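Working notes, structure below.
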Amino acid sequence: MAKKMLNWWGDWGAQKWNVQGEGGRYKVSGDVTLVYTTTGSAWQALMTSYNGDNSITYVALMDTRSNKVRMYRAPLGLTTESTVSHAINSSKSNLKGLDPVNMALHEIYGELVWVAPLVPNGTANSGNPSKKPESPAGLAFLSATDPNGANV
């Protein structure tokens, strides 16, 4: 539901309703992730333009109780989850070839960082409710604005 509501905002909240075309419209990139902030739990979503590029324009935090959304302009260089996942998978630090799951942005010591639990290859729960989720076997940290495998 959070993803659907944020996509509605991307369609109509950032652009006037009578403007034709996809310019100025946004969509959720990937899945929403449950994160915990100083004000409680929230759904975190990354908003990208309709252009299909790899950059993020907004980071949305939707409060789980009130459904109020706080939109933050993304810093220059913030990329989609697929780029981050590729960087973690190709990193020399990822010796066991673990897969990142449930990636979320966090501010650590004033820096925006991707935090990704790592699970054994092929055991990530891909939306199948009957499949028991795998326990994390590691944790990866990566700069949000420099998603280079050497920085994992």
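Structure notes:
- Of the set (1) open to solvent by 30 Å² or more (accessible area, probe 1.4 Å); (2) modelled with pLDDT of 85 or more; (3) within 13 Å of the chain's Cα centre (by Cα), all apply to Asn54 but (2).
- Selection within the stretch 80-97: residues that are β-branched (Val, Ile, Thr) and open to solvent by less than 20 Å² (accessible area, probe 1.4 Å). The member of this set that is farthest from Leu142 (Cα to Cα) is Thr80.
- Selection status of Ser49, open to solvent by less than 40 Å² (accessible area, probe 1.4 Å), free of Cβ contacts under 8 Å to residues at least 40 places away in the same chain and out of contact with any Asp or Glu (no Cβ under 6 Å at 6 or more places or on another chain): yes
- Check on Arg65, open to solvent by 50 Å² or more (accessible area, probe 1.4 Å) and in a strand (DSSP E or B): no
- Criterion: modelled with pLDDT of 85 or more and more than 17 Å from the chain's Cα centre (by Cα) - qualifying residue of Leu118, Leu112, Leu98, Leu139: Leu98
The values are calculated or read from the model by the stated rules, or taken from the named source; none is laboratory data. Computed from a predicted structure; not experimentally measured. Positions of Cβ are backbone-derived with ideal geometry, glycine not excepted, and every protein chain shown enters the neighbour counts. All accessible areas refer to the heavy atoms of the entire protein, side chains included, with ligands and DNA or RNA removed. Shrake-Rupley method; radii C 1.70, N 1.55, O 1.52, S 1.80 Å.
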